[in-house]
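Let me begin by presenting the structure, written as structure tokens, before commenting on it.
Bear in mind that the values in this text are calculations on the coordinates, not laboratory data. On a predicted model such as this, the values are computed, not experimentally measured, just so you know. Backbone-built Cβ (ideal geometry, glycine too); neighbour counts: all protein chains shown.
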Amino acid sequence: MEKEMKFKTSINCGGCVAKVTPLLNATKGIINWKVDTDNPHKILTVEPNGATENDVVEAVKKAGFKIERL
């Protein structure tokens with residue numbers, strides 16, 4: 001299994017999570033993901049299986065959110 005990736009994002013509420021969900025779920029090579037909206041940095045944790053850091057960044061940006069690798 002590949003090492004999980006963590007990102008700082010602007011996904012800050014349940015509505016934001018709902019907005020990004022279809023894009024992340026449609027990204028090939030992501031086994032699982034979650035956003036810690038309680039964390040001040042809104043940490044997105046991704047469990048990849050072939051997805052690249054760029055794949056994740058593109059999906060989140062397409063949903064209209066900021067994202068940067070931790």
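Pairs only if they're at least six apart or on different chains, beta carbon under 6 angstrom, first in the stretch 1-28 and free of Cβ contacts under 8 Å to residues at least 12 places away in the same chain, second outside any loop (DSSP other than H, G, I, E, B) and among the hydroxyl-bearing types (S, T, Y); list them, first residue then second.
Close Cβ pairs (under 6 Å, with a partner that is outside any loop (DSSP other than H, G, I, E, B) and among the hydroxyl-bearing types (S, T, Y)) do not exist here.
When the stretch 11-47 is examined, which residues are found to be touching a helix residue (DSSP H, G or I) at 6+ places or on another chain (Cβ under 8 Å) and surrounded by 12 or more Cβ atoms within 10 Å (Cβ to Cβ)?
I11, V20, L23, L24, T27, G29, I30, W33, V35, T37, L44, V46
I'm trying to understand the selection: among the residues of the stretch 29-57, which are in contact (Cβ under 8 Å) with a residue 24 or more places away in the chain, over 15 Å from R69 (Cβ atoms) and charged (D, E, K, R)?
Selection gives E47 alone.
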